[in-house]
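Let me begin by presenting the structure, written as C-alpha cells, before commenting on it.
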Amino acid sequence: MNADNRPDVDEARENDLLGALPSDDFNRLLPDLERAILPPFEKLYDFEDELTHLYFPNKNTVVSTLCRTDEQVNVEVALCGSEGVVGLSAIFGMRTSPYQNLVQVAGMGTRLPMESAIREFKRGGAFQELLLSFTDSLLIQTSQTALCNRIHSDEERLARWVLLSGDRIARNQLPLPRELLAKMLGRNHSGVSIAASSLQRAGLISYNGAELAIVDRERLETVACSCYWIVKRHASKVFDR
C-alpha cells in the first residue's frame, strides 16, 4: 500500500468503532487501513456490486443505505456516520451488496480490505464484538424505519430523518437535493415538498430544494416521532461494553 494513503492513528480513530478498539487490535489492523475520500453522492456500493472493503466514515460524514423494488424505486432504510461501518454483508457471507450505499454528506473515512476484515472478525475479540453490536443497532434502525414508514406522518418522518442526520454532523446544514430527499422518505417530489414546506412554515427548518438547515432543533424534536428516540437510544448502546 502507498504510505501516503495510510491514515494516521488519530484520523482513523475518528470512526467510533475503530476508536473503541484496544491498542493491540487496532495496531493489528493499521497496516491494512486505507484513507478513503467520500465525495458527495458517491455510491460506495451499488446493488450487486462486489463487496471489497469495509468503509468506516469519519466525523461529519453520513452514508445512506437504500433498498429497491423490482420497479427500480430506491428508498432509504438506514444511515450511519462515524458510529458505524458500511459493507457488513460480506462479513456474514455475502459476496455482493444487497443495498446501495450512498454518501449523503461528504467527508473522509477509512477503509479495510474485506479479506483483512474477515480474518480479524474470525479471531473473535473486540473487533467482532463491536461489529456485531453495531449490526444489532442497524437491524433496529431498519426495523424502526419500516414501522415509521407505515404509521407516521410525512412531517414526523422528515423531522426524524433530519435529526438523525444532524446528529452525525457538526453543522446544521444538510446538502439535500429534492430527488435525494424523496428517496430518503420513500415519497414522490410533491409529497416531500409538502412535508418540508409544513416544517418550514412552522419555523423548524429552512429548505431551498438543494440544502436543508435546522432552524429550531428543540421544537423539531417535539415534532419527530418516537422512532427517532428509539433509534438514538439503541445506537448509544453499541459502545456500552
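The values are calculated or read from the model by the stated rules, or taken from the named source; none is laboratory data. Here the structure is a predicted model, which means the values were calculated and not measured. Virtual Cβ from ideal backbone geometry, glycine too; neighbours counted across all protein chains shown.
Scan the strands (runs of 3 or more DSSP E) fully inside segment 91-208 and keep the ones with 1 or more residues being in contact with a Leu (Cβ under 7 Å, 6 or more places away or on another chain), aliphatic (A, V, I, L, M) and not assigned by TED's automatic domain parsing to the domain that holds Tyr45.
173-175, 205-207
Does segment 213-223 contain at least one residue that is among the hydrophobic types (A, V, I, L, M, F, W, C), over 21 Å from the mean Cα position of the chain (by Cα) and surrounded by 13 or more Cβ atoms within 10 Å (Cβ to Cβ)?
Scanning segment 213-223 turns up at least one residue that is among the hydrophobic types (A, V, I, L, M, F, W, C), over 21 Å from the mean Cα position of the chain (by Cα) and surrounded by 13 or more Cβ atoms within 10 Å (Cβ to Cβ).
One line per residue, one yes/no per condition, for (1) under 11 Å from the mean Cα position of the chain (by Cα); (2) surrounded by 19 or more Cβ atoms within 10 Å (Cβ to Cβ); (3) at pLDDT 90 or above:
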position: Ser64; (1), (2), (3): yes, yes, yes
position: Arg68; (1), (2), (3): no, no, no
position: Leu102; (1), (2), (3): yes, yes, yes
position: Gly107; (1), (2), (3): no, yes, yes
position: Ala126; (1), (2), (3): no, no, yes
position: Glu129; (1), (2), (3): no, no, yes
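Would you check which residues across segment 143-174 are within 14 Å of the chain's Cα centre (by Cα) and surrounded by fewer than 17 Cβ atoms within 10 Å (Cβ to Cβ) and list them?
Result: Asp167, single match.
Assuming Gln144 fulfils every condition listed in (1) without any contact (Cβ under 8 Å) to a residue 60 or more places away in the chain; (2) within 23 Å of Ala224 (Cβ to Cβ) apart from one, which condition is it?
(1)
Quick check: is even one residue across segment 16-39 within 30 Å of Val192 (Cα to Cα), in a loop (DSSP other than H, G, I, E, B) and either in the same structural domain as Leu112 (by TED's automatic domain parsing) or touching a residue at least 12 places away in the same chain (Cβ under 8 Å) (or both)?
Within segment 16-39, one or more residues are within 30 Å of Val192 (Cα to Cα), in a loop (DSSP other than H, G, I, E, B) and either in the same structural domain as Leu112 (by TED's automatic domain parsing) or touching a residue at least 12 places away in the same chain (Cβ under 8 Å) (or both).
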